[in-house]
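What follows draws every value from the coordinates through simple rules; no lab data is involved. None of the values given here were measured: they were computed from a predicted structure. Note: ideal-geometry Cβ built from the backbone for every residue, glycine included; neighbour counts use all protein chains shown.
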C-alpha cells in the first residue's frame, strides 16, 4: 500500500471544524439528556416533553451520531483510514433520526419546534453526510493512512 501523501491545509481546517461541531453536539446531547437546568430552561416546556418522549432507537441514533461523529473527527485529524467508516456510521445514524423526526414522528419535530427544529436536524444530517464524503475523498487521495 502506498504511503499517505502530505497533509493538505484543508484537512486541518475541516478536521477542527468537525471536532468543534461534534463537541457542541456532545454538549447539547449531555445537557439535554441530563436535563441540565441552565440549558433546558432556555427551551419551551413542550420541547422538553417532546425530546423526553423520543423512542429509544431515536435517542440511540442521536447518541451514535454525536459520539461516533466526535470519534470520526478525531480520527480524521489523526489521518486514520478508520475515519471514513466511523463518519459513515455517524452519518447513517443522524440521517435516520432526522428522517424519522421530520417526516414520520407523530407529532413531527416541525409541529413541536417549528421550522427551527427541522432546520437544525436537516443541517446536522447534511453536515454529517458532507463530513463523511470529505473523509472518503481524503482516503481516495491517499491522505489518510
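Cβ-to-Cβ counts within 10 Å put 10, 22 in ascending order as 10, 22, the fewest first. When 101, 54 are sorted by how many other C-beta atoms sit within 10 angstrom of their C-beta, beginning with the fewest, the order is 54, 101.
By the helix-only formula, in which each DSSP H run with n ≥ 4 contributes -39500 (n - 2.57) and the sum is divided by residues, the chain has a 222 nm mean residue ellipticity of -24500 deg cm²/dmol. Computing Cα extents along the principal axes in Å for the structure here picks out one of (i) 54, 31, 24; (ii) 42, 35, 35; (iii) 61, 39, 23, namely (i).
What do you get for the angle between helix 56-77 and the principal long axis of the chain? Use alpha-carbon atoms, 0 to 90 degrees, nearest ten. That helix lies at roughly 30 degrees to the long axis.
Note on the chain: GNM, Cα springs under 10 Å; of 84, 118, 40, the largest mean-square fluctuation is that of 40. Going from the residue with the fewest nearby Cβ atoms within 10 Å to the one with the most, 128, 6 rank 6, 128. Against the chain, whose longest principal axis is taken from its Cα atoms, helix 115-140 shows a tilt of about 10°. Annotation: extensible slack from residue 79 through residue 31 equals 14.3 nm (criterion: 0.36 nm per residue apart, minus Cα-Cα distance). Only Cα pairs under 8 Å and 6+ residues apart enter the sum, and on that basis the relative contact order of region 9-140 stands at 25 percent.
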